[in-house]
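First up is the structure itself, then whatever we jot down about it.
The numbers here are math on the coordinates, done by the rules we state, and not lab data. Please read all numbers here as calculations on a predicted model, not as lab measurements. No Cβ is skipped: glycine too gets one built from the backbone with ideal geometry, and neighbour counts run over all protein chains shown.
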Amino acid sequence: MRIPLEARIESAVCPGCACLCDDIDVTVVDGRVYQAANICLWGASKVLGHKRFHPKKERRRLAQPLIRHRGRWQTVSVDAAIDRTAEILIKARQPVVYGLTNAGCGAQAAALQVARQAQARLEPADLAWKAPYYQSLKKYGVFWATLEVIRDEADTLVFWGANPLHSCPRHVVRYSIFARGRFTERGYDERRLAAVDIHRTELADLVELFLQVEPGQELSLLQEVLTATAAAGGAVSKKARRLAAMLQEAHYGVIFFGRGVSYGPTPELLDGLAGLTARLNEHTPFVLFPLSTDFNAVGLYHLLLRELGSPLAPDFGAGEVSFHAEPLRWTDVDALLVVGADPFWFLSAAEIQDLHERRVPVVALSPVANRTTGHAEVVLPVALAGVETPELAYRMDGLPLSLPALLPASLPSDQQLLQQLAAALGCSHRGMACV
Ligand code: SF4
C-alpha cells in the first residue's frame, strides 16, 4: 500500500513499548512525522527519531548494508550482506539468533525459520526473567487478566523489580497507578500501592509502601511475606508484615514484576511470587503480571508456544530441537545474528573482550546505529517496524494489534531480509544455487 507523504493519522498504535498505546495522533508532513500527540517521550523518540528522553539528540539511522573487511567498513549490496551472513551462520558450530523482542511478529516468524535452517539457538532477549515466569505459571496455574480488567478492578498494585515510569511510561495513566476504571473511578485515590526494589526509584514518592532491599535480600523478604500470609508462625520483619497485610486486604490485586527480578536468584524469586499469588488467589483475585518493555516481547513467546509448544529458548543444533530455560553462556557462542535488540549495551567488558578475542562474527539487523552495530562484522539496515513498515504485535497482556505503517520506507523490513536469509540458508544446505 502507498503511504501518503502528508497525512493526519488518528488513533495509531505506538510501537515504543509493550503498552502499544492505540490512541496516538500523528501528523505527517513531507514523509516525516511532524507532530505526535498522546505519546510519551519514549514513543516520541521512536516516531520522531530522537534519543530516548533526549528530544534534541537525533538517532543515527543506518542507510546502507556494511561489511567490515580488515577492520574497515565497506558499503555492499543487500545480496552481498545476506550471502556473507549465510556463510557465517553455516560455518558456525553454535550460532545464535538473538533478541527479537523489539521486532514484529512477521520478523519473529522469519527469524525462527532462519534459526531452523542455520541449526542455531534462538534466544529471546528477556529469557532470563520470562522463562522462570512461564515455568512458574505451569507449576501454579495462576490467574490472568487483561490490562483493561486490571484498570477497572484492581485496587491493590505491587511493583516488584519494576518501574513503569521508565519501562512503559503511559502504563501508569492508562492501566495502573492513576488510571480510572469502571470500579476504580477515583483512580489513584482508590488504589493501594507498594513497590519493592534494590534502588530508590520515582515510585517511592507515589506508593504507600516502598521497600528498598539490599541486592541479594529480595528472596528473604519474599519468604517473610509468604510466612506472614500463611497461618503458620515464624519470624517476620515489620516491612514484610505491612506488605503481607496490604496484599491480604485487597479486593483485587496485581503483582507486576519487571527486569529487576533478573538481578537476583530469578527462578526462586518467580517461584516465590507465583506461590504467593496462588495463595492470595484462594481468597481474592490476584494476578502475577510481567511488565514487558520491548514492544513485541509477548509476540515472541506466543510464536514459540504456537510453533514449538514451549516458551523456552529453542536450540535446533542437535538435530532435534531442545529447549533452554537458562540464558545462554556467551562463551559458548561462535556466531551471532542480532535482530530487534542491542545486547552489547549490557554485556560486561569481559564478555565483549572474549567475543573479540575469539573473533566471533556478529551480524546486526537494525534501523539505527547502536553498540551492537558498532561491534558487528555485517550490518543490515532495516525499516522501523510499526512506523515505516506494517507489523503485527502482541500487547503486554497478549492482545494482538495491527500496526499500520505511518511513513513511507526507503529500506527493506527485517522480515523481508530474514526471509531472504532463510532462503539463502535453505539453498546452501541443499547445495543449490539460489535464484
Ligand atoms: S507508553 Fe509505550 S506505547 Fe504508550 S506512548 Fe509511551 S512508548 Fe508508546
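Overview of results
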quantity: DSSP-loop GluC sites (Glu not before Pro) across region 167-236, with at most 10 other Cβ within 10 angstrom; calculated: Glu185
quantity: Positive-end residue of Ile39, Cys105, Phe53, charge dipole of region 37-121 with Cβ unit charges; calculated: Phe53
quantity: Of Ser11, Ser167, Ser292, the one that fluctuates the most in a GNM where the chain has Cα springs shorter than 10 Å; calculated: Ser11
quantity: Loop trypsin sites (Lys or Arg not before Pro), region 319-410, which have at most 16 other Cβ atoms in a 10 Å radius of their Cβ (DSSP); calculated: Arg329, Arg358, Arg359
quantity: MRE, 222 nm, helices only [DSSP H, n ≥ 4, -39500 (n - 2.57), over the chain, to nearest 500]; calculated: -10000 deg cm²/dmol
quantity: Hydrodynamic radius (Kirkwood) for region 129-290, which is based on Cα pairs only, to one decimal in Å; calculated: 15.6 Å
quantity: Computed Rg/Rh of the chain, alpha carbon atoms with Kirkwood Rh; calculated: 0.99
quantity: Mean separation of Cα contacts under 8 Å (6+ apart) over length of the chain, as relative contact order %; calculated: 24 percent
quantity: Whole-Å distance, taken between Cα centres, linking region 84-162 and region 326-382; calculated: 18 Å
quantity: Cleavage-rule hits, chymotrypsin sites (Phe, Trp or Tyr not before Pro), region 344-435, DSSP coil, Cβ neighbours within 10 Å at most 14; calculated: Phe346
quantity: Share of alpha-carbon pairs per 5 Å distance bin for region 7-58, given as whole %; calculated: 5, 24, 32, 25, 14, 2
quantity: Nearest-0.05 FRET efficiency for Arg242 and Leu219, computed from C-beta distance (R0 22 Å); calculated: 0.75
quantity: With Cα atoms, 0 to 90° folded angle of helix 127-140 axis to the chain main axis; calculated: 50 degrees
quantity: Cβ-defined net charge surrounding Asp332, 13 Å radius [Lys, Arg +1; Asp, Glu -1]; calculated: -2
quantity: Thr27-Gln64 pseudo-label distance in nm [points 7 Å out on the Cα-to-Cβ vector]; calculated: 3.6 nm
quantity: Count of Lys pairs (Cα-Cα under 20 Å; at least 8 positions apart or interchain) in region 1-146; calculated: 4
